[in-house]
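Only the coordinates and a few stated rules stand behind these numbers; no lab work does. Just so you know, these numbers come straight off a predicted model, no measurement behind them. Reconstructed Cβ throughout: ideal geometry from the backbone, glycine too, with neighbour counts over all protein chains shown.
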Amino acid sequence: MRLILLVAALTTSVSARPDPRAPFDGDALRSATGIMAFAEVPLAPAGVHAKFHYDTVPVANGITTFIEGPSHGLVQGNITLIVGEQSALVIDTGQFPAVARRVIADMRKLTDKPVRYVAITHWHMDHYMANSEFADAWPGLTIIAQDFTAPMMDKYGARYARLGPKLEENMKPLRDMLASGKTPDGGEIAPDRRARVEAAIADMEADRPEFELMRYRGADMTFENEIDIDLGNRMVKLMHLGRGNTAGDLVAYVPDAHALITGDLLVHPVPYSYGSYLTEWSVVLGKLADLDATVIVPGHGPVMHDKAYVRQVRELLDGVVGEVKRVWKPGMSGDDVRKVMDLSKQRDAFCHGDKSLEGSFRASIETAGVDRVTQELGGNMKPESFDESN
Amino acid sequence: MKSLLLASMLGLSLAAATASAAAPATAGHAEPGGFSVEKLAEGVYAAVRTDPPGLMVDANSLFVVNDSDVVVVDAPEASAEMIAALRRITTKPVSYLVNTHWHDDHVIGNAAWRKAWPGIRFIGHASLRDYLPTMGAKNREGMIKGAPEFAGQMQAQMDKGKNLQDQPISDEERSSYASDIRLVKHYVDVVPGTATVLPDIDVNEGLTLIRGERRIEIRHLGSGHTRSDLVVWLPKERIASTGDLVVWPIPLVGSDQSHVRDWPGTLDALIALQPALLVPGHGPVERNTDYARQMRDLFASINQQVATAVARGASLEDTRKAVDLDAFRDQFAGDSKVRRFAFGMYVTGPAVESAWRDATVTP
C-alpha cells in the first residue's frame, strides 16, 4: 500500500491527496502503510536500497534496534531485539524477507539466546511480513499480537504476500511520466523530480524479489490488555493501552532497562494517522509518558532518549482534534473542514518548511487524520481497513 | 483429634477427603500412575485420577493435541507417567503448559515437562509468580515434613482396625487411607529436590492460543480456590478445564489461600460459558454444570451467613457457631463417613474463616 502512495505522490504532486484511481485496493491509498513514501527523501547514493541499508542501534543493555535507512520505495518499521538470560523477544519483523535474513544473522552475532517470542505492534504490513523468516530461524517461536490485530493480519498480510505480480502495473504511471517527460497534469517534469522518480523505480525494482519471498505467517497468541513475558531475569510487559494509531496497538515495556518500544504510536518525523483514533491516541500517549522510560524506540525513526517527541505528538493530536472541533458543524465532511481549518502552526512545528515533509503532513494529518476526527465528531467512525476510505 | 490437627496443618495439599465407595467411574482407559485417559473430543484428552476420594490428592490434566503441537493443562505429581501416556497418543511436541494455580499438585511437574520438551513455555496467572515461592514453598515444606508422619499414623490406625477418629474403620475408609498412603509415598519420591519452574508467560485477564483452527482460551474468571485461578476454555469444543475452582466430591478450600467471597461470582462466570464438559481439578469429567452450581450455592450461602454474623459484629468463633451448613453437608457427603469428615475439615472450617476474613478486612 505504501507503494501506491508513492506512485500517487510522485505522479500527482507532493502535496496532493492520494490518487483515488489507484490501480488496486481503491481508497487504500489513504490507509496507513504508505505515508513514508510521501517523504520523497533526499537522494541516497545509488544502490543503497538494493541492499536495504539499516542501522544497528544499541538501545539499552541487551536491547538493540534495527532501523531502516532512507528509502524511495517501500519502507519497513523498526525491528527490536530484547535479550534475557534464557531467551529473546523480537518486536516486529519488518516487511522484507531478505532484509530480515540479514537482521537475523546480525542478531545471532549479538546473542546465542534463542528468539522464542515475536510481538507485533499492529497490523500494518511493514511490521510483520517477515514473520516466516523468524519462525524458520527459531522453530517453535511464539508470535504474539493484540486480539484486534491478529485477524487483521490474517486478512491483509496473506493478500499482501501475493502482490508481487502487481508491482509492474503500479510502476507504470511512473514509467509513463519519465517516457513522456510530463506530469499527469501536463506540466514539465522538473529535473529533481525526475531523479526522485527514477530512484523510486529503481527501489521498487529492488523490492520485487522481496515479494517473491514473502510467506504470510500469523499470530500464535493474542491478548486483550497485557501479558508479561519472562526472558530470564528480565520481564517484558506487552501492553495494549487503548486505541491510537490502530485499535490493536501493542507497546513493549522493559522495566529493568526503562525502555519502551511503541510501534507506530510514534513515527518520526511525521506521525502516521491513517485509520487512527486521534482523541484516544492522545490518551494513550499520556499513559506512555507516565511510564518510567528513559529510552524510546518508535515504529519508524531514530531511538529517542527523552519524552519530548511523545509530548510533541500528543500536542499535535490535541491540536488537530481541537481545531476540527472548533470549525466543525453537523453535516460537515473532512473536505468541508479543510476549507476552514488552520493547522499551519502544527505543520510548521513538524516540517520546518521542508516541502517533502509537508507533503507527508498534509496526507497523514491534514487529510487522513482530519477525516478521522470528522468521522468521530459525526458519530460515524469507519472501521480500519485497506478496502475503503478511512 | 491429633490426626485431624495434623491434617489441618498440612493444609490444602492434604486435600478433601472422604472415602466414599469405589473410585469414580471413568470412560477412559487406565494408565500406570493412578489415572485414566479419556478422549473428550477430537484431539482433546483428559487424564483423570482414579484414586478413591481421600485426604491426599493428585491432580487431573488435559492434553489438547493440535495440528503440530500439544497444549497441556496442569503438571501434577504424576507428570512422568502423564508424559508417557501422552507419548502413546502423539509424537507431537508440547509447546505450552498452563498451570491453573500454584499448588504443588498442579505445578510440581513443570520441571519434568520441560525436561521432556525443552521448548515448552509455561503460562500462569501473574500472581502465581508471587505465591509459588512464598506460600507454595511453605505448603511444600509442611508436606515434606508432615505427610510421611501422617501416612504413618493412618497406617497405624488401619493396623489397629481404627479410623482417624479412633472408631472402627470401614471398608471405605480403609480403601481411602491406603490410597492416601500411596500418594504420600509418591509425593515424597517426586517432590523434594524438584526445581520450582515459574511461568514464562504471565496473564492477568487471559490470552488466546491460536493453533490452526483450534482456539484455546486461557482465562482468569476471578478468584476462588486461589487468587491465581485460571480456566482453560475450548470455545468450539465447549470444554472447560477448571483447575480447583471445581473439585469433586468435596470442594477444596484453604482458609488463608482461597477467597470464598469471590468464588460464587467466578463459578457464575464459568457457568455462563455454558460448557458441555467440565474437567475439574480433581474428580471425574462432568457432563453438566450441576455440580458447579451446587458449589456456587454452597459458597453463596456461606458468604450470606457470614455477612449476617459480621453485621452484628460477630468474632470468627461466634461466626463459626452461627453458620449452619448441615444441609450442604448432607448434599455433598451423604452418609459417607469419610466425606462428612472431609466436609468439616475442608469446607466448614476453612471456608467460614476465608469468608469471615474477607468480610471483615474489606468493607
Residues B:Ile181, A:Ile189 arranged by fewest to most Cβ contacts within 10 Å
A:Ile189, B:Ile181
Taking the Cβ of each residue in A:Trp281, B:Trp248 as the centre, tally the other Cβ atoms inside 10 Å and list the residues starting with the fewest.
B:Trp248, A:Trp281
For n ≥ 4 DSSP H runs only, could you compute -39500 (n - 2.57) per run for chain B, divide by its residues and tell me the 222 nm figure to the nearest 500?
-12000 deg cm²/dmol
Order B:138-146, B:172-180, A:297-305 from most to least packed using the mean count of other Cβ atoms within 10 Å.
B:172-180, A:297-305, B:138-146
The summed charge of the A:Glu224 Cβ neighbourhood (under 15 Å; Lys/Arg +1, Asp/Glu -1) stands at -3
Viscosity 0.890 mPa s, temperature 25 °C: Stokes-Einstein D of the protein assembly as shown from its Kirkwood Cα radius, in µm² per second?
86
Over the whole of B:119-131, what's the average partner chain Cβ count within 10 Å per residue? Rounded to a whole number, please.
2
Could you tell me which of rounded, prolate or oblate describes chain A, using a ≥ b ≥ c as the square roots of the eigenvalues of the alpha-carbon gyration tensor, with rounded for a/c under 1.5 and, failing that, prolate when a/b is larger than b/c and oblate otherwise?
oblate
Cut-off 10 angstrom, C-alpha nodes, Gaussian network model of chain B. Which of B:Ala276, B:Ala112, B:Ala292 fluctuates the most?
B:Ala276
Can you compute the charge dipole magnitude of the protein assembly as shown about its Cα centre, using +1 on each Lys and Arg Cβ and -1 on each Asp and Glu Cβ, nothing else charged? Give it in debye, rounded to the nearest 20.
280
Where nothing but the Cβ of Lys and Arg (+1) and of Asp and Glu (-1) is charged, how large is the charge dipole of the range B:169-252 around its Cα centre, in debye to the nearest 20?
280
For the range A:212-259, what's the radius of gyration and Dmax over Cα atoms, in angstrom?
13.5, 40
Please work out the C-alpha center-to-center distance from the range B:34-56 to the range B:157-233 and express it in whole Å.
12
Please give the Cα centre distance for the range B:81-122 versus the range A:318-390, rounded to the nearest Å.
53
Environment charge of A:His127, counting only residues whose C-beta is closer than 9 Å and scoring Lys/Arg +1, Asp/Glu -1:
-3
Taking each residue of B:202-214 in turn, how many C-beta atoms of other protein chains fall within 10 Å of its C-beta, and what is the average?
5
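Say the cut-off is 19 Å between C-alpha atoms; which of B:Lys39/B:Lys236; A:Lys287/A:Lys325; B:Lys162/B:Lys321; B:Lys92/B:Lys115; A:Lys155/A:Lys287 go over it?
Going by Cα-Cα distance, A:Lys287/A:Lys325; B:Lys162/B:Lys321; A:Lys155/A:Lys287 fall outside the 19 Å limit.
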For chain B, modelled as a GNM with alpha-carbon contacts under 10 angstrom, which of B:Thr266, B:Thr194, B:Thr100 fluctuates the most?
B:Thr194
Centre separation in Å (Cα based) which lies between the range B:291-363 and the range B:123-142
25
What translational D, rounded to a whole number of µm²/s, comes out for the range B:55-171 from Stokes-Einstein when the hydrodynamic radius is the Kirkwood one over Cα pairs, at 20 °C and 1.002 mPa s?
133
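Using only DSSP helix segments of four residues or longer, with each worth -39500 (n - 2.57), what per-residue ellipticity at 222 nm results for chain A after dividing by its residue count and rounding to 500?
Numbers: 13 runs with 148 residues, N = 390.
-11500 deg cm²/dmol, from helical runs alone.
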Placing +1 at every Lys and Arg Cβ and -1 at every Asp and Glu Cβ, with all other atoms neutral, what dipole size does the range A:113-270 have around its Cα centre, in debye to the nearest 20?
160
At a 10 angstrom cut-off on C-beta neighbours, averaged per residue, how do the peptides B:337-344, A:156-163, B:227-234, B:156-163 rank from highest to lowest?
B:227-234, B:337-344, A:156-163, B:156-163
Would you mind classifying the range A:192-337 by shape? Square roots of the alpha carbon gyration tensor eigenvalues, ordered a ≥ b ≥ c; an a/c under 1.5 is rounded, otherwise it is prolate if a/b is larger than b/c and oblate if not.
oblate
Residue-count net charge about B:Arg339 - beta-carbon cut-off 13 Å; Lys, Arg +1, Asp, Glu -1:
-1
Roughly how crowded by other chains is peptide A:136-147, in terms of the mean Cβ count from those chains within 10 Å of each of its Cβ atoms?
2
If each residue's Cβ is checked for other Cβ atoms within 10 Å, how do A:Thr142, B:Thr134 rank with the fewest at the top?
B:Thr134, A:Thr142
